[in-house]
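S.K.: Mind having a look at this structure? Questions to follow.
The values are calculated or read from the model by the stated rules, or taken from the named source; none is laboratory data. Since the model is a prediction, treat every value here as computed from it, not as a measurement. When we count neighbours, we look across all protein chains shown, and the Cβ atoms used for this are built from the backbone with ideal geometry, even at glycine. Heavy atoms of the whole protein, side chains included, go into the accessibility calculation; ligands, DNA and RNA do not. Shrake-Rupley method; radii C 1.70, N 1.55, O 1.52, S 1.80 Å.
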Amino acid sequence: MRYVKQKREQVGACTICNRICQLTYDHIPPSVAGNADSMMLISALSAISGTPQEDRPLISQNGYKIRSICRDCNSTIGREYDQVMGQLCADINKYLASPLTLPAEAAFDTTPSRLLRGLLGHILAAKLSPDKCVVDKQIREYLANHTSTLHPDLHVYYWLYPYPSIVVFRDFVMALHTGNGREFPVCSVMKFPPLGMLLTNAKQFYDLPDLSTRSYFHIDAPARIPLRFDNLKSQDWPEGARHSTFIITGQSGAQSLHGTPRKS
Ligand SMILES: [Zn+2]
(Lines give C-alpha, C1' and ligand atoms only; values in the text may rest on other atoms or scores of the structure.)
Protein backbone atom coordinates (compact mmCIF):
# COMPACT_ATOMS: atom_id res chain seq x y z
CA MET A 1 0.00 0.00 0.00
CA ARG A 2 1.26 3.48 -0.83
CA TYR A 3 0.45 6.97 0.30
CA VAL A 4 -1.89 8.75 -2.04
CA LYS A 5 -0.27 12.00 -1.02
CA GLN A 6 1.92 12.85 1.94
CA LYS A 7 1.99 16.56 2.29
CA ARG A 8 0.21 19.65 1.09
CA GLU A 9 1.75 22.55 -0.76
CA GLN A 10 2.63 25.64 1.24
CA VAL A 11 -0.18 27.61 -0.36
CA GLY A 12 -3.69 26.22 -0.75
CA ALA A 13 -7.28 26.30 0.53
CA CYS A 14 -7.61 26.31 4.32
CA THR A 15 -9.67 23.27 5.38
CA ILE A 16 -11.57 25.42 7.90
CA CYS A 17 -12.34 28.74 6.18
CA ASN A 18 -11.67 27.67 2.55
CA ARG A 19 -9.57 30.78 1.79
CA ILE A 20 -6.55 30.32 -0.46
CA CYS A 21 -3.56 31.31 1.62
CA GLN A 22 -0.25 30.33 3.14
CA LEU A 23 -0.97 27.11 5.06
CA THR A 24 0.26 26.44 8.59
CA TYR A 25 0.68 23.22 10.55
CA ASP A 26 -2.05 22.21 12.96
CA HIS A 27 -1.01 19.96 15.84
CA ILE A 28 -3.54 17.18 16.40
CA PRO A 29 -4.16 17.15 19.33
CA PRO A 30 -2.87 20.60 20.33
CA SER A 31 0.52 20.63 22.02
CA VAL A 32 -1.13 21.73 25.29
CA ALA A 33 -2.67 18.23 25.30
CA GLY A 34 0.71 16.54 24.87
CA ASN A 35 1.74 15.74 21.26
CA ALA A 36 5.22 17.20 21.21
CA ASP A 37 7.21 13.98 20.73
CA SER A 38 8.75 12.70 17.53
CA MET A 39 6.16 10.64 15.62
CA MET A 40 6.30 8.02 12.90
CA LEU A 41 3.40 8.53 10.52
CA ILE A 42 2.02 5.81 8.25
CA SER A 43 -1.12 5.53 6.17
CA ALA A 44 -4.15 4.93 8.40
CA LEU A 45 -5.45 2.43 5.83
CA SER A 46 -2.24 0.40 6.18
CA ALA A 47 -2.63 0.42 9.95
CA ILE A 48 -6.31 -0.57 9.78
CA SER A 49 -5.94 -3.34 7.23
CA GLY A 50 -2.60 -4.64 8.49
CA THR A 51 -1.22 -4.32 4.95
CA PRO A 52 2.43 -3.23 5.10
CA GLN A 53 3.17 0.15 3.58
CA GLU A 54 5.62 0.27 0.71
CA ASP A 55 6.69 3.88 1.29
CA ARG A 56 9.01 4.72 4.15
CA PRO A 57 7.10 6.19 7.14
CA LEU A 58 7.08 9.96 7.49
CA ILE A 59 8.89 11.25 10.54
CA SER A 60 7.48 14.31 12.27
CA GLN A 61 9.94 15.70 14.80
CA ASN A 62 7.55 17.53 17.09
CA GLY A 63 4.24 15.74 17.22
CA TYR A 64 1.44 14.72 14.87
CA LYS A 65 0.76 17.71 12.66
CA ILE A 66 -0.83 18.44 9.31
CA ARG A 67 -0.25 21.49 7.11
CA SER A 68 -3.84 22.35 6.29
CA ILE A 69 -5.14 25.59 7.81
CA CYS A 70 -4.44 29.31 7.58
CA ARG A 71 -2.70 31.28 10.28
CA ASP A 72 -5.94 33.01 11.34
CA CYS A 73 -7.87 29.75 11.82
CA ASN A 74 -4.87 28.21 13.58
CA SER A 75 -4.62 31.03 16.07
CA THR A 76 -8.40 31.14 16.59
CA ILE A 77 -8.49 27.45 17.50
CA GLY A 78 -5.41 27.84 19.68
CA ARG A 79 -6.76 30.88 21.50
CA GLU A 80 -10.42 29.86 21.85
CA TYR A 81 -10.47 26.08 22.28
CA ASP A 82 -7.12 24.39 22.84
CA GLN A 83 -6.79 25.33 26.51
CA VAL A 84 -10.10 23.62 27.27
CA MET A 85 -9.01 20.47 25.43
CA GLY A 86 -5.64 20.51 27.21
CA GLN A 87 -7.22 20.98 30.64
CA LEU A 88 -9.67 18.10 30.15
CA CYS A 89 -6.88 15.78 28.97
CA ALA A 90 -4.73 16.78 31.98
CA ASP A 91 -7.63 16.15 34.39
CA ILE A 92 -8.34 12.72 32.90
CA ASN A 93 -4.63 11.78 32.91
CA LYS A 94 -4.34 12.86 36.54
CA TYR A 95 -7.32 10.72 37.38
CA LEU A 96 -5.85 7.72 35.52
CA ALA A 97 -2.58 8.12 37.42
CA SER A 98 -4.37 7.99 40.77
CA PRO A 99 -3.34 5.01 42.92
CA LEU A 100 -6.97 4.54 43.95
CA THR A 101 -9.19 1.98 42.27
CA LEU A 102 -11.12 3.81 39.58
CA PRO A 103 -14.89 3.70 39.72
CA ALA A 104 -16.76 2.60 36.60
CA GLU A 105 -17.54 6.20 35.66
CA ALA A 106 -16.44 9.70 36.60
CA ALA A 107 -17.50 13.20 35.56
CA PHE A 108 -15.12 15.98 34.51
CA ASP A 109 -15.61 19.74 34.57
CA THR A 110 -15.26 21.44 31.23
CA THR A 111 -16.91 23.97 28.92
CA PRO A 112 -18.57 21.60 26.44
CA SER A 113 -19.18 24.18 23.72
CA ARG A 114 -15.48 25.10 23.51
CA LEU A 115 -14.43 21.47 23.81
CA LEU A 116 -16.74 20.41 20.98
CA ARG A 117 -15.61 23.27 18.75
CA GLY A 118 -11.97 22.45 19.42
CA LEU A 119 -12.41 18.76 18.57
CA LEU A 120 -14.32 19.58 15.39
CA GLY A 121 -11.83 22.26 14.34
CA HIS A 122 -8.98 19.76 14.62
CA ILE A 123 -10.86 17.02 12.78
CA LEU A 124 -11.41 19.49 9.92
CA ALA A 125 -7.72 20.39 10.00
CA ALA A 126 -6.79 16.69 9.95
CA LYS A 127 -7.98 16.41 6.36
CA LEU A 128 -5.17 16.79 3.88
CA SER A 129 -7.30 18.06 0.99
CA PRO A 130 -10.40 20.19 1.49
CA ASP A 131 -13.45 18.86 -0.36
CA LYS A 132 -17.17 19.51 -0.66
CA CYS A 133 -18.06 16.92 1.99
CA VAL A 134 -21.42 17.79 3.65
CA VAL A 135 -20.14 17.00 7.13
CA ASP A 136 -17.27 19.49 6.78
CA LYS A 137 -19.70 22.16 5.58
CA GLN A 138 -21.89 21.55 8.65
CA ILE A 139 -18.87 21.80 10.95
CA ARG A 140 -17.77 25.06 9.28
CA GLU A 141 -21.23 26.52 9.87
CA TYR A 142 -21.02 25.53 13.53
CA LEU A 143 -17.54 27.03 13.94
CA ALA A 144 -18.49 30.24 12.16
CA ASN A 145 -19.93 31.83 15.29
CA HIS A 146 -20.34 31.12 18.98
CA THR A 147 -24.13 31.01 18.96
CA SER A 148 -24.58 28.33 16.29
CA THR A 149 -25.69 24.84 17.20
CA LEU A 150 -24.32 21.77 15.49
CA HIS A 151 -26.43 20.27 12.70
CA PRO A 152 -28.78 17.70 14.33
CA ASP A 153 -27.57 14.91 12.02
CA LEU A 154 -24.09 15.06 13.54
CA HIS A 155 -23.08 13.23 16.70
CA VAL A 156 -19.75 13.29 18.52
CA TYR A 157 -19.26 10.19 20.65
CA TYR A 158 -16.26 9.88 22.91
CA TRP A 159 -14.56 7.27 25.07
CA LEU A 160 -11.42 6.58 27.09
CA TYR A 161 -8.40 5.95 24.85
CA PRO A 162 -5.34 5.23 27.04
CA TYR A 163 -2.94 4.43 24.18
CA PRO A 164 0.09 6.31 22.85
CA SER A 165 -0.75 6.34 19.14
CA ILE A 166 -2.57 9.22 17.47
CA VAL A 167 -5.09 8.13 14.88
CA VAL A 168 -7.16 10.10 12.40
CA PHE A 169 -9.33 8.34 9.85
CA ARG A 170 -11.68 10.62 7.92
CA ASP A 171 -14.89 9.86 6.03
CA PHE A 172 -15.58 6.15 5.96
CA VAL A 173 -18.72 4.05 6.01
CA MET A 174 -18.91 1.07 8.32
CA ALA A 175 -21.48 -1.59 9.12
CA LEU A 176 -23.11 -1.04 12.50
CA HIS A 177 -25.33 -3.68 14.11
CA THR A 178 -28.20 -2.07 16.00
CA GLY A 179 -31.51 -3.21 17.48
CA ASN A 180 -33.08 -2.30 14.13
CA GLY A 181 -30.71 -4.42 12.04
CA ARG A 182 -27.66 -3.24 10.15
CA GLU A 183 -26.99 0.45 9.51
CA PHE A 184 -24.22 2.06 7.47
CA PRO A 185 -23.29 5.36 9.12
CA VAL A 186 -20.70 7.79 7.75
CA CYS A 187 -17.89 8.10 10.29
CA SER A 188 -14.67 9.93 11.06
CA VAL A 189 -12.39 8.94 13.92
CA MET A 190 -9.87 11.03 15.83
CA LYS A 191 -8.02 9.42 18.76
CA PHE A 192 -5.24 10.70 20.99
CA PRO A 193 -4.53 9.90 24.61
CA PRO A 194 -6.67 9.95 26.70
CA LEU A 195 -9.73 10.34 24.43
CA GLY A 196 -11.18 8.74 21.34
CA MET A 197 -13.84 10.55 19.34
CA LEU A 198 -16.18 9.47 16.59
CA LEU A 199 -18.00 11.99 14.38
CA THR A 200 -20.95 10.26 12.72
CA ASN A 201 -24.58 10.48 11.67
CA ALA A 202 -25.42 7.32 13.67
CA LYS A 203 -28.08 8.20 16.25
CA GLN A 204 -26.49 5.83 18.77
CA PHE A 205 -23.11 4.19 18.97
CA TYR A 206 -22.50 1.45 21.55
CA ASP A 207 -24.13 3.55 24.29
CA LEU A 208 -21.28 6.07 24.24
CA PRO A 209 -21.95 9.61 25.51
CA ASP A 210 -22.62 12.16 22.77
CA LEU A 211 -21.00 15.59 23.11
CA SER A 212 -23.22 17.03 20.38
CA THR A 213 -26.16 17.09 22.82
CA ARG A 214 -24.36 20.03 24.47
CA SER A 215 -23.72 21.96 21.25
CA TYR A 216 -26.42 24.49 22.14
CA PHE A 217 -24.64 25.43 25.39
CA HIS A 218 -23.43 29.00 25.72
CA ILE A 219 -19.79 29.21 24.66
CA ASP A 220 -18.64 29.63 28.28
CA ALA A 221 -21.28 27.56 30.07
CA PRO A 222 -19.56 25.05 32.34
CA ALA A 223 -20.78 21.48 32.67
CA ARG A 224 -19.59 18.08 33.75
CA ILE A 225 -19.21 15.38 31.16
CA PRO A 226 -19.19 11.67 32.00
CA LEU A 227 -16.44 9.23 31.07
CA ARG A 228 -16.52 5.48 31.64
CA PHE A 229 -13.43 3.67 32.88
CA ASP A 230 -14.79 0.14 32.56
CA ASN A 231 -15.52 -1.57 29.24
CA LEU A 232 -12.20 -0.40 27.77
CA LYS A 233 -12.11 -0.27 23.95
CA SER A 234 -9.09 -1.63 22.13
CA GLN A 235 -6.63 0.69 20.41
CA ASP A 236 -7.99 0.05 16.89
CA TRP A 237 -11.67 0.32 17.85
CA PRO A 238 -13.98 0.98 16.04
CA GLU A 239 -12.26 1.39 12.67
CA GLY A 240 -10.02 -1.72 12.83
CA ALA A 241 -10.84 -4.38 10.25
CA ARG A 242 -11.66 -6.95 12.93
CA HIS A 243 -14.45 -4.80 14.40
CA SER A 244 -16.53 -4.31 11.26
CA THR A 245 -17.40 -6.62 8.41
CA PHE A 246 -16.19 -3.98 5.96
CA ILE A 247 -15.24 -0.34 5.57
CA ILE A 248 -15.72 1.86 2.52
CA THR A 249 -13.68 5.00 2.14
CA GLY A 250 -12.41 7.46 -0.45
CA GLN A 251 -9.63 9.96 -0.84
CA SER A 252 -9.84 11.42 2.68
CA GLY A 253 -9.57 7.95 4.22
CA ALA A 254 -6.69 7.04 1.93
CA GLN A 255 -4.84 10.23 2.92
CA SER A 256 -5.43 9.86 6.67
CA LEU A 257 -2.41 9.26 8.87
CA HIS A 258 -1.71 7.02 11.84
CA GLY A 259 1.01 8.24 14.22
CA THR A 260 3.16 6.22 16.64
CA PRO A 261 5.57 7.90 19.10
CA ARG A 262 9.15 6.99 18.20
CA LYS A 263 10.29 6.86 21.82
CA SER A 264 7.85 4.15 22.88
ZN1 LIG B 1 -8.67 29.44 7.58
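S.K.: Between SER244, SER215, SER252, find the one with the highest GNM mean-square fluctuation for the chain; connect C-alpha pairs within less than 10 Å.
M.R.: Per the Cα network of the chain with a 10 Å cutoff, SER244 tops the list.
S.K.: Pick from ASP236, ASP171, ASP82: which is most flexible by mean-square fluctuation in a GNM of the chain where alpha carbon atoms under 10 Å apart are linked?
M.R.: Sorting by GNM fluctuation, first place goes to ASP236.
S.K.: Quick check on packing: order 57-68, 88-99 by the mean number of other C-beta atoms within 10 Å, highest mean leading.
M.R.: 57-68, 88-99
S.K.: Separate question: Enter the Cα centre distance for the pair the stretch 164-198 and the stretch 90-163, rounded to the nearest angstrom.
M.R.: 13
S.K.: Taking every pair of alpha-carbon atoms in the chain, give the share separated by more than 33 Å as a whole percent.
M.R.: 14
S.K.: Let a ≥ b ≥ c be the square roots of the eigenvalues of the Cα gyration tensor of the stretch 140-264; is it rounded (a/c under 1.5), or, if not, prolate (a/b larger than b/c) or oblate?
M.R.: The shape class here is rounded.
S.K.: Let me ask you something else. Quick one: with all protein chains in place, what share of the accessible area of the chain is carbon or sulfur, to the nearest percent (1.4 Å probe)?
M.R.: Percent of accessible area from carbon and sulfur atoms in the chain: 54.
S.K.: Under 10 Å, Cα contacts only: if you run a Gaussian network model on the chain, which one of THR76, THR200, THR111 comes out with the highest mean-square fluctuation?
M.R.: THR76
S.K.: Take LEU58 and HIS218, extend 7 Å from each Cα along the Cα→Cβ direction, and tell me the distance between the two endpoints in nm.
M.R.: Going from the LEU58 label point to the HIS218 one covers 4.1 nm.
S.K.: Determine the per residue accessible area of the chain with all protein chains present and a 1.4 angstrom probe, expressed in square angstrom.
M.R.: 47
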